[in-house]
Amino acid sequence: MADAQNTRDRHDVVGSRHRRVDGLARLTGEARYTDDIFLPRMAIGKILRSPHAHARIIAIDTSAAENLPGVFAVITGKDMPLPYGIIPWTQDEHALALEKVRYIGDAVAAVAAVDEDTALQALELIEVEYEILPAYLTPESALATGAVKIHEKNKKGNISKHVLLEFGAVNENMRQADLVIEGDYFFQGTTHAAIEPHCAVAEFDSAGHLTVWSATQVPHYLHRELARVLGLPQENIRVIQPNLGGAFGGKSEPFDLEFCVAKLAQKCGRPVKILYTREEVFYAHRGRHPMQMHYETGFDKNGRILAVDTHTILDGGAYSSFGLVTTYYSGQLLTAPYAFASYRFDSTRVFTNKPACGPKRGHGSVQPRFAIEIQLDKAAHALGIDPIELRRRNALPAHTRTVNDLHIRSNGFLECLDRVEQASGWKERYGKLPFGHGLGVAGSTYISGTNYPIYPNDMPQSGVKITIDRSGRVTLYSGASDIGQGSNTMLAVIAAQELGLEVADITVISADTALTPVDLGAYSSRITLMAGTACLQAAKELAAKIRSSVAKKWGCAPENLTLIQHSVRALDDPDRRMPVIEAFALAEAEFGTLCTTGYFETITEGVHGDYRGATIGASPAYSFTAHVAEVRVDAETGLVRVEKIWAAHDCGKALSPVSVEGQIEGSVYMGAAEAVMEEHTTMENGLLAAPSLLDYRIPTALDTPEIEAMIVQSEDPMGPYGAKEAGEGPLHPAIPAIANAIFDAVGVRIDMLPITPEKILAALRVKEAEEKSTVRD
């Protein structure tokens, strides 16, 4: 029996290296994206956008556009007056602006026409009269006394959200600290730069049923908001997410184009498509919040963290988006992987007249991670402790609770540190490399799904249905959104593992609200744990039926059977086997049509503390990561070359190692880009400084460092086979690791992102002046 089990282990699908289920289709161009959809009689839609950062709409005249030959429909804000928003308590956007515009690019009107040229001509014919209002492009100006409210109904001026939470005796511990490190940090806003622009197509059928195809990562939430804003029954709406060309958080809420295509299609009686231009994508934004962070951290003489006190200002842009959550995440997710004896965070999100910020890969916690990891590095140097050793001394153990009462179960952080330390030759090289050449380290943690749904309810957060046809084909239905991260492959891996098949034997149908069970979407790294758990439950139930039917035929116990390599085998006699298709037929004859469902329910016990805001940041499981970065800095030019990043990530169990490695590499790439290149900034008039991929700097293949991805497996009891997230957590440490490596290389700290040659040269000049002053003294 042991030999049979060992045989099974050698042929496990889970943990093996395999292709993605959609890999070949994407590579060959077979995969269809939203913009590939062309329907009979389809019109092309375009959106008129505000040229002003802040203005009141006095009047809109659309008559000339409506009379233009080839124009089928024109709509304005009055056609869809209900506000919307991803967070139910902060719905402050309109599909088309009603009374005022709040940033350059805010949607004002939309047209549907016979072709794109006609639609663009119609936009030019729409006359809008504006009353210009003061534009606030910084949090400071928006908070100034006498500032006009960007949202008139907001009770706290231009404050979007304020959170102040304290855990333990922060002031007392800070007074008792042997060392206090104080620093100011700035994280510049960045955007997602996904390859595929936003696109949506809408069609009403003869029965009045609406179908919307959208490049979204949240079909379920889009489905709900379409019904509410359009005033249609949910059962009359179908949302389909075709193949997606990247998202990274930038498509994780409804956008104006999805409402506009639906309303235009309803009004003109024909399908309508709207495809954002690249410039529109940049203005739609929802990227990383710029954050100003003041950090004070107290340590004892051995490097233990006694107190952390943070004050953060978030530049939220014009609308709330996910901002309520972001404000909490800026503090709540800082409390691992290190133990804080006490902790206080004070975070304020401010409305400004710029494109709205939202969730970008590692939502809300990448910016504070940058600050705290540099604080730790500064403390290590001040105390004469190796930076990796200081992190070891403060590392949380497994099966513990953080200072803000989040429940940590599995924890592979120390192994992550060990792996990057060894792989990088840290002990032999750190602090010993020539001037201009340095190493830096950083660690982090991230959630494996937010514990609660965005709108309160007691229903499952994710469901999966699996059917087996008598031909032997297995079809898996899931509402989860594969946005390029490989969630369809992950689900196929689990089903194949339990049913004794290969990944290629599983057909995955996903993200179609008319065909698939509900899944809440691809955000907060939730799909592996939540949809994966639902899939495992459904697959196990099917496998149990199959074993039961074969056991009856063979006269043995079902527990003595296993499904493996397209067969059912007896564990005590591996030569006794039945082809799996024959076993499927037996089970269908006994149980009827083979179909099972599984689901993931919200965990309500022991996940978080009992205080206001405790639920935000709570997760069933947490991933852990450590990076070492190697850089070269040219002291003459200030140019930084990130040579290599070693990244060790604790993903629980790697269900699909190739996919996990890809997620680690993609995360590291994005983090390195944010460290030394990316800036999503506005000019003084409110226009974006770089609203194109030509001007917005992201690394090419030549700029990308060598990345060594290392998988650490701590196997969490909450995840399928112990799996946790791998799609966002590996980004966080890259940025501070690079900053810390620059300090090791040339002895200057750059605490304001991005790290540019100009900033390095300025810091080197200051350092040189200080050294000369010291010599003179």
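The values are calculated or read from the model by the stated rules, or taken from the named source; none is laboratory data. Keep in mind that this is a model prediction, so the values were computed, not measured. Heads up, the Cβs are rebuilt from the backbone with ideal geometry, glycines too, and the neighbour counts pull from every protein chain shown. Heavy atoms of the whole protein, side chains included, go into the accessibility calculation; ligands, DNA and RNA do not. Shrake-Rupley method; radii C 1.70, N 1.55, O 1.52, S 1.80 Å.
Pick out, from segment 1-117, the helices (runs of 4 or more DSSP H) lying fully within it that include 1 or more residues that are within 30 Å of Asp575 (Cα to Cα) and either among the β-branched types (Val, Ile, Thr) or touching a residue at least 40 places away in the same chain (Cβ under 8 Å) (or both). First the steps, then the outcome.
Working: elements: 2-10, 23-28, 63-66.
Once the helices (runs of 4 or more DSSP H) in segment 1-117 are filtered for at least 1 residues that are within 30 Å of Asp575 (Cα to Cα) and either among the β-branched types (Val, Ile, Thr) or touching a residue at least 40 places away in the same chain (Cβ under 8 Å) (or both), what remains is 2-10.
Need at least 1 residues that are over 24 Å from Leu232 (Cα atoms) and open to solvent by less than 20 Å² (accessible area, probe 1.4 Å) per element, so show me which helices (runs of 4 or more DSSP H) inside segment 247-334 make the cut, counting only ones lying wholly within it.
278-284, 323-332
Would you check if Ala741 is among the small types (Gly, Ala, Ser) and modelled with pLDDT of 95 or more? Before you say what the answer is, go through the steps one by one.
On the way: among the small types (Gly, Ala, Ser): yes; modelled with pLDDT of 95 or more: yes.
Against the criterion (among the small types (Gly, Ala, Ser) and modelled with pLDDT of 95 or more), Ala741 qualifies.
So which of Ala207, Ala193 ends up being over 17 Å from the mean Cα position of the chain (by Cα), part of a loop (DSSP other than H, G, I, E, B) and more than 21 Å from Leu520 (Cα to Cα)?
Values: Ala193 fails: over 17 Å from the mean Cα position of the chain (by Cα).
The match here is Ala207.
Considering segment 716-762 alone, what residues qualify as being of a type in the set (D, E, K, R), more than 14 Å from Ser525 (Cα to Cα) and out of contact with any Asp or Glu (no Cβ under 7 Å at 6 or more places or on another chain)? Quick ask: steps written out before the conclusion?
First pass over segment 716-762, keeping only residues of a type in the set (D, E, K, R): 716, 724-725, 728, 744, 749, 751, 758-759.
Then drop every residue that is not more than 14 Å from Ser525 (Cα to Cα), which leaves 716, 744, 749, 751, 758-759.
Asp716, Asp744, Arg749, Glu758, Lys759, listed by residue number.
Condition test on Gly269, is it within 30 Å of Ala109 (Cβ to Cβ) and in contact with a Cys (Cβ under 9 Å, 6 or more places away or on another chain)? Give the steps one after another, and end with the answer.
Values: within 30 Å of Ala109 (Cβ to Cβ): yes; in contact with a Cys (Cβ under 9 Å, 6 or more places away or on another chain): no.
No.
Go through segment 118-153 and report how many residues are in a loop (DSSP other than H, G, I, E, B), more than 21 Å from Tyr283 (Cα to Cα) and hydroxyl-bearing (Ser, Thr, Tyr).
Matching residues across segment 118-153 total 1.
Looking at segment 694-717 only, could you name the residues that are in contact (Cβ under 8 Å) with a residue 40 or more places away in the chain and open to solvent by 50 Å² or more (accessible area, probe 1.4 Å)? Explain how you work it out, then say what you get.
From segment 694-717, those in contact (Cβ under 8 Å) with a residue 40 or more places away in the chain are 696, 698, 705-717; that's our starting set.
Ile698, Glu706, Glu708, Gln713, Glu715, Pro717, listed by residue number.
Being farther than 27 Å from Ser667 by Cβ, within 21 Å of the chain's Cα centre (by Cα), modelled with pLDDT of 95 or more and surrounded by 21 or more Cβ atoms within 10 Å (Cβ to Cβ) is the requirement here; does Gly463 meet it?
When the stated conditions are applied, Gly463 passes them.
Suppose we filter Arg569, Arg576 for residues that are open to solvent by 50 Å² or more (accessible area, probe 1.4 Å) and either free of Cβ contacts under 8 Å to residues at least 40 places away in the same chain or not β-branched (Val, Ile, Thr) (or both); which single one remains? Step through it out loud before you land on a result.
On the way: Arg569 fails: open to solvent by 50 Å² or more (accessible area, probe 1.4 Å).
Result of the check over Arg569, Arg576: Arg576.
Which residue is nearest to Ile735 (Cα to Cα), if the candidates are limited to segment 632-654 and must be assigned to a loop (DSSP other than H, G, I, E, B) and open to solvent by 10 Å² or more (accessible area, probe 1.4 Å)?
Keep residues of segment 632-654 that are assigned to a loop (DSSP other than H, G, I, E, B), which gives 634-639, 651-654.
If we keep only those that are open to solvent by 10 Å² or more (accessible area, probe 1.4 Å) as well, we get 634-637, 639, 653.
Numbers: Asp634: 19, Ala635: 20, Glu636: 23, Thr637: 21, Leu639: 16, Lys653: 26 Å.
Among those residues, the one meeting the criterion is Leu639.
May I ask you to verify whether Gln188 is assigned by TED's automatic domain parsing to the domain that holds Pro40 and either touching a strand residue (DSSP E or B) at 6+ places or on another chain (Cβ under 6 Å) or not aromatic (Phe, Trp, Tyr) (or both)? Even if it seems obvious, please write down each step before you answer.
Numbers: assigned by TED's automatic domain parsing to the domain that holds Pro40: no; either touching a strand residue (DSSP E or B) at 6+ places or on another chain (Cβ under 6 Å) or not aromatic (Phe, Trp, Tyr) (or both): yes.
Criteria not met by Gln188.
Restricted to segment 660-693, and to residues that are more than 20 Å from His192 (Cβ to Cβ) and buried (at least 18 other Cβ atoms within 10 Å of the Cβ), which residue is nearest to the chain's Cα centre (by Cα)? Give the derivation first.
Start the filter on segment 660-693 by keeping residues that are more than 20 Å from His192 (Cβ to Cβ), which leaves 660-661, 683-686.
Narrowing further to those that are buried (at least 18 other Cβ atoms within 10 Å of the Cβ): 660-661, 686.
Working: Val660: 15, Glu661: 17, Gly686: 27 Å.
The qualifying residue nearest to the chain's Cα centre (by Cα) is Val660.
Being surrounded by fewer than 24 Cβ atoms within 10 Å (Cβ to Cβ), on the phi < 0 side of the Ramachandran plot and modelled with pLDDT of 95 or more: is that true of Thr352 here? Let's see the steps before the verdict.
On the way: surrounded by fewer than 24 Cβ atoms within 10 Å (Cβ to Cβ): no; on the phi < 0 side of the Ramachandran plot: yes; modelled with pLDDT of 95 or more: yes.
Taking the combined requirement at face value, the residue does not satisfy it.
Which numbered condition trips up Phe435, out of (1) of a type in the set (A, V, I, L, M, F, W, C); (2) assigned by TED's automatic domain parsing to the domain that holds Leu376; (3) surrounded by 19 or more Cβ atoms within 10 Å (Cβ to Cβ)?
Failed condition: (3).
So the check is Cβ under 7 Å with 6+ separation or different chains; which pairs have a first residue in segment 348-362 that's among the aromatic types (Phe, Trp, Tyr) and a second one that's surrounded by 24 or more Cβ atoms within 10 Å (Cβ to Cβ) and assigned to a strand (DSSP E or B)?
Phe351/Ser160; Phe351/Gly316
Show the residue pairs that are 6+ apart or on different chains and have beta-carbon atoms under 6 Å apart, the first residue being within segment 749-776 and farther than 23 Å from Pro368 by Cβ, the second being open to solvent by 70 Å² or more (accessible area, probe 1.4 Å).
Pro757/Leu639
Give me a count of the residues in segment 192-243 that are open to solvent by 40 Å² or more (accessible area, probe 1.4 Å) and either among the polar types (S, T, N, Q) or within 29 Å of Glu674 (Cα to Cα) (or both).
So the first thing to find is which residues in segment 192-243 are open to solvent by 40 Å² or more (accessible area, probe 1.4 Å), and the list is 195, 203-207, 209, 213, 224, 228, 231, 233-236, 238, 243.
Restricting the remaining residues to those that are either among the polar types (S, T, N, Q) or within 29 Å of Glu674 (Cα to Cα) (or both) gives 195, 206, 234, 236, 243.
Here the count works out to 5.
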